[in-house]
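Structure first, commentary second.
The values are calculated or read from the model by the stated rules, or taken from the named source; none is laboratory data. Just so it is clear, the structure is predicted and the values come from calculations on it, not from any experiment. Neighbour counts are summed over all protein chains in view; Cβ atoms, including those assigned to glycine, are modelled from backbone coordinates with ideal geometry. Note: areas computed on protein heavy atoms with side chains; ligands, DNA, RNA excluded. Shrake-Rupley method; radii C 1.70, N 1.55, O 1.52, S 1.80 Å.
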Amino acid sequence: MGGCNSTETTPNNPSSEPSPKASQSQSDMASSEYVTQSMAAKDPKHDPFFDLIMDDDLAKNQWPKQLTSHQEEGKKGKDVSLMGKVMTPELFNKLKDIKTKTAGWTIARAMNTGTCYQSSFVGCHAGDPESYEIFKELFHPVIEKYHVGYKLDGSMKHITDMDPDKLTVALKDEAKAKVFSSRIRVARNLNFFPLNPGGTVETRNQIADLMSKVFDSFKDSDTYSDLAGTFHRHTEMTPEETQELVDGHFLFRGKDKMQAASGYHRFWPKGRGIFLNKSKTFVVWVNEGDHLRIISMEQGGDIKSVFTRLSRAIKAMEEGVKKVTGRESVFASDPALGVITCCPSNLGTAMRGSVHIGVPTIASALGLAEIDKMARTINCQARGSSGEHSAIVDRVDISNWRRLGFTEYSLVQDLIRGANLLSALEDKFVSKEADASNVDQVLAQLMSDVTIAGK
Ligand code: ADP
Ligand code: MG
């Protein structure tokens, strides 16, 4: 898978490598080094929003009783994570003593999020690219459940196509008028480091140092000079500067319990940073969860322009890392899984394209959960005004839901259709042709429009 091996050496940049010692200390980390949920409950200095807090049983490498109770409640209709739907005590016992080579990743670490948090949707994470192969008895069924229709039986390959000229649907004028901003991001992970949940403070710092050199290289580039800008490290920003970037929708917040339970936020804020070009239309997150989130964004609804810039930005980043490290292949990928990411939900394109759209009437009449449910029927997802796990304040974030087994341009089309749907429904509510009582009927009518439902 993806040729990932943390101890591989690079001829011209040894300083950006994870040292064998770093991998070793991670793989030898005894469960006593983790804070457990019962320890954290007694000591407020452990912050569940940032620290890695393990389920008590998993910390002892035992089947978690907590998961049994989620599974029991699942039988009565309560939500269970995809991990919880797949894991059994038998499977746990079969996998519990395996450690991956790169990160020393274990099944206990992989399943901690969904064990600690019943409402987690996916509930498991990879600590290195080979986790997907070594723990495939967990990951493959989870991937097939999330990426509905995709089969990991060897019959399917993920293909990529970022050609903006292949887009055949466009935002309608009425939708465009409601759009505040458009953003498309992809995740990328370097194939010569562990994924961040399995990484150390050293690997995170080494990645940030490497990226700093890559960003600097844009300054002298004839091709990518519009992408040049400034890299801000979290350890060097004031709290006010950080907050301003978060409020402007440029920067990640951290502070997510479920992600913290995977180890995403360990050693916060070390090794984290954000790069912004001068016009703040090309942004790179460093070590939020994945090593890199490459983002193209701008005000307004010109999605094609955002997609075109993203396509160039990915190339610029890939060429930059190759140049600085002297490596031929730099991003972790796999023929069947596509781009490798820490969370199985992002595999494939690792792409989420969204618009922030102002639809206040349906937002108050239907609410986020209902809008999200509608969005799912056309392969989209709705989030709140500040991203995942946030509420609607003044705008809805509508984006593609699928990632694996579809080309990037077809997923951008999903997003466009989703935005056209919310806009058309908002107009029907404003004109009072629709309300909460006849919304299903109105939706069915709107689905006859090809710019909403597709073929
Ligand atoms: P992801 O993990 O897919 O990048 P999140 O839901 O974590 O997305 O959101 C990350 C940040 O990006 C949040 O601040 C969110 O408000 C912002 N964001 C998402 N879509 C847009 C958009 N279309 N325009 C501006 N900001 C956006
Ligand atoms: Mg996110």
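Across the stretch 257-287, what is the number of residues that are open to solvent by 20 Å² or more (accessible area, probe 1.4 Å) and at negative phi?
11
What are the residues in the stretch 131-151 that are out of contact with any Phe, Trp or Tyr (no Cβ under 7 Å at 6 or more places or on another chain), among the charged types (D, E, K, R) and open to solvent by less than 80 Å² (accessible area, probe 1.4 Å), if any?
E137, the sole residue that qualifies.
Looking at the structure I just gave you, is G77 on the phi > 0 side of the Ramachandran plot and open to solvent by less than 10 Å² (accessible area, probe 1.4 Å)?
Criteria not met by G77.
For the stretch 419-455, give me each residue that is part of a loop (DSSP other than H, G, I, E, B), farther than 16 Å from E370 by Cβ and not charged (D, E, K, R).
Matches in the stretch 419-455: S431, M447, S448, G454.
Looking at P335, is it modelled with pLDDT of 95 or more and either within 18 Å of L411 (Cβ to Cβ) or aliphatic (A, V, I, L, M) (or both)?
For P335, the condition - modelled with pLDDT of 95 or more and either within 18 Å of L411 (Cβ to Cβ) or aliphatic (A, V, I, L, M) (or both) - is not met.
Among the residues in the stretch 230-238, are any touching a strand residue (DSSP E or B) at 6+ places or on another chain (Cβ under 8 Å) and of a type in the set (A, V, I, L, M)?
no
What is the number of the single condition among (1) of a type in the set (S, T, N, Q); (2) within 16 Å of ligand 1 (Cβ to nearest atom); (3) over 29 Å from N277 (Cβ atoms) that S131 does not meet?
With (1) of a type in the set (S, T, N, Q); (2) within 16 Å of ligand 1 (Cβ to nearest atom); (3) over 29 Å from N277 (Cβ atoms) applied to S131, the lone miss is (2).
Looking at the stretch 387-413, which of the residues that are near ligand 1 (Cβ under 10 Å from one of its atoms) and hydroxyl-bearing (S, T, Y) is farthest from A363 (Cα to Cα)?
Among them, the one singled out is S399.
Taking the stretch 385-403 as the search range and keeping residues that are more than 15 Å from ligand 2 (Cβ to nearest atom) and in a loop (DSSP other than H, G, I, E, B), which one is nearest to the chain's Cα centre (by Cα)?
Taking the candidates together, the pick is R402.
Do we have G154 as more than 23 Å from A313 (Cβ to Cβ) and open to solvent by less than 20 Å² (accessible area, probe 1.4 Å) here?
In short, no.
Residues being acidic (D, E) and within 17 Å of K315 (Cα to Cα): count how many of those fall in the stretch 208-249.
The qualifying residues number 4.
Going through D394, D449, D427 one at a time, which residue ends up being open to solvent by 50 Å² or more (accessible area, probe 1.4 Å) and at pLDDT below 95?
One residue alone meets the criteria, D394.
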